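What follows is one structure encoded as structure tokens, with my remarks underneath.
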Amino acid sequence: MEKILVLDFGGQYDQLIARRVREQRVFAEIKPYNKISLYEIKNAAYKGIIFTGGPNSVYDDSSPRFDKGILNAGIPVLGICYGHQLLAFLAGAKVSPALDGSEYGKTQVRFYGSPLFDGLPETAACWMSHTDRIEQLPDGLEITASTDKCCCAAFCDRRRRLYGVQFHPEVTHTEYGAQILANFLFGVCGCSGDWRMEDFIESSVEKYRASLSGKRVLLALSGGVDSSAAALLLHRAIGENLVCVFVDHGLLRKNEGDYAERTFKKELGLNLIRVNAGERFLSKLRGVTDPEKKRRIIGAEFIRVFEKEAKKLGKIDVLAQGTIYPDIVESGKGDSAVIKSHHNVGGLPETMAFEEIVEPLRELFKDEVRQVGERLGLPRRLAMRQPFPGPGLAVRIAGEITEERLRMVREADAIFREEIKNADLDAPPDQYFAALTDTKSVGVMGDKRTYGYIIALRAVTTDDFMTAEWTRLPFDLLERAGSRITNEVAGVSRVVYDITGKPPATVEFE
Ligand code: XMP
């Protein structure tokens, strides 16, 4: 399988670079610069190498460097930002602080002839983020782009196929970034672009079949796309040796628990244990209204239930998790396995010792995980589903959680989701649900005064859930949902639509 090496020098965009390469149907593998030698690189038959950015200055002796032999290894290299400076530095260039000329953000770049810029206009806006710059190039390297403040915004050594760009072609703010990467992959490295997500699945399955042979693996399956896709992948590799524990904490959406059990156990044949712990969770939550306290109780209880189930299973060697790349970013990047900080797997007690943790999806972005899931047979409804928080409906009920209040929010939520589905919107919201407020209000129904709770409907549009806009849903859809909820859900007297973005609000109510 042809592959590209993304050599990580500590930049923020290493995974994004790998993803952009995969989007061009070429497999990309990321390795920290100090975890692979020149010898290993030569033996691995990479079609090309990308040096990532990084926060250091190449002229500091303590900065990450690489074996100079890479320049003459006969493998094309593309250096980006710090990687651009490092590549030139290894070749003998002078790099200095750009005292007058740091560049951040969109910057107009002028291109000169280079195979990297084939098909590009003479100038384009590119994303810059640097305080150092290349001042002088050695013989053999030519300048191929510049900006007003940066004479060497790109260089190349055509003979040795070395290319550097000061800007970031992997971010969407750079116009023609995808074209530049394609020029490198296909024009310079001669890749054929025939990689498919199926190849990732196949090679992962082979890898885990070998490394987990004879071991028992435990996975906490939530029914969300990440843990589901991880479960299906490992199930294909080790079959019955993967045991999935699905803890139903009683805070799931309408029919969710039964649907998950049916799908994973009956239809997909997973070795699944469903634990119905609703009553246990509800009794612990009785009388609790503080949002953080609710989360803590649910987290701690989850671990207790999960641990109890695991004990019943006897010796388990490996814990598997559906960690995906954005989780790693959120919990701080590092070399070691990062335990997903979400309540359902975070902070497992030390008494639950595992030899190993495997995270088969840790390099993938959400949409890639959806693709993996679907290709492994996950029904589209599950593969494309909106996120659902680990603590479930508990963070959508302001005030106390009771059976009665759970019923209200569950029914209202089911109606709202059904109406959104029926509306078949061109751009459906990225997350949408009903929440139950702790406010009651007066209403009138059939000439009678009512006094019931207020349900809030929320729908947001977002790329990454870090910020979000409230979705401009059609009024007639809102009207239908509102009228059905007040008519069909006993105890609800009023329905409001949340028009707050994030910030200042969060997506969830608590
Ligand atoms: P917030 O409310 O923080 O939500 O704006 C952002 C995204 O995270 C989800 N979320 C959670 N997921 N455990 C989870 O597994 C949690 O405690 C939790 N809180 C929020 C939320 O649904 C949204 O997609």
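The values are calculated or read from the model by the stated rules, or taken from the named source; none is laboratory data. In this text the structure is predicted, and so the values were computed from the model without any measurement. Here Cβ is always computed from backbone atoms with ideal geometry, including for glycine, and neighbour counts include all displayed protein chains.
Summary of computed values
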{"read-out": "Top-ranked residue in the stretch 372-396 [being outside any loop (DSSP other than H, G, I, E, B) and without any contact (Cβ under 8 Å) to a residue 60 or more places away in the chain; ranked as nearest to the ligand (Cβ to nearest atom)]", "value": "ARG381"}
{"read-out": "Some residue of the stretch 257-272 being within 16 Å of the ligand (Cβ to nearest atom) and not hydroxyl-bearing (Ser, Thr, Tyr)", "value": "yes"}
{"read-out": "Qualifying positions in the stretch 360-371 - acidic (Asp, Glu) and either away from the ligand (no atom under 16 Å from the Cβ) or touching a helix residue (DSSP H, G or I) at 6+ places or on another chain (Cβ under 6 Å) (or both)", "value": "GLU363, GLU368"}
{"read-out": "Selection from the stretch 486-508 of residues that are farther than 12 Å from GLU469 by Cβ and within 16 Å of the ligand (Cβ to nearest atom)", "value": "PRO504, THR506, GLU508"}
{"read-out": "All positions within the stretch 274-326 that are under 30 Å from ILE17 (Cα atoms) and in contact with a helix residue (DSSP H, G or I) (Cβ under 8 Å, 6 or more places away or on another chain)", "value": "ALA320, GLN321, GLY322, THR323, ILE324, TYR325, PRO326"}
{"read-out": "Candidates SER146, SER129 - the one that is within 20 Å of SER96 (Cβ to Cβ), modelled with pLDDT of 95 or more and surrounded by fewer than 21 Cβ atoms within 10 Å (Cβ to Cβ)", "value": "SER146"}
{"read-out": "Unmet requirement for ALA456, which otherwise passes all of (1) within 12 Å of the ligand (Cβ to nearest atom); (2) among the small types (Gly, Ala, Ser); (3) under 15 Å from ASP413 (Cβ atoms)", "value": "(1)"}
{"read-out": "Residue that is surrounded by the fewest Cβ atoms within 10 Å (Cβ to Cβ) [pool: residues in the stretch 31-75 that are within 20 Å of GLU2 (Cα to Cα) and charged (D, E, K, R)]", "value": "GLU40"}
{"read-out": "The stretch 477-499, subset charged (D, E, K, R) and closer than 17 Å to ARG417 by Cβ, residue nearest to the chain's Cα centre (by Cα)", "value": "ASP498"}
{"read-out": "Some residue of the stretch 331-348 being at pLDDT below 85, among the hydrophobic types (A, V, I, L, M, F, W, C) and more than 17 Å from the chain's Cα centre (by Cα)", "value": "yes"}
{"read-out": "Matching option when the condition is within 22 Å of ASN56 (Cα to Cα), among the aromatic types (Phe, Trp, Tyr) and not in a strand (DSSP E or B), among PHE200, PHE167, PHE184, PHE155", "value": "PHE167"}
{"read-out": "ARG25 vs. criteria outside any loop (DSSP other than H, G, I, E, B) and basic (Lys, Arg)", "value": "no"}
{"read-out": "Positions within the stretch 464-485 being away from the ligand (no atom under 16 Å from the Cβ) and under 18 Å from ARG396 (Cα atoms), in sequence order", "value": "ALA481, GLY482, ILE485"}
{"read-out": "Only listed residue being among the charged types (D, E, K, R) and within 29 Å of ASP194 (Cβ to Cβ), chosen from ARG20, ARG110", "value": "ARG20"}
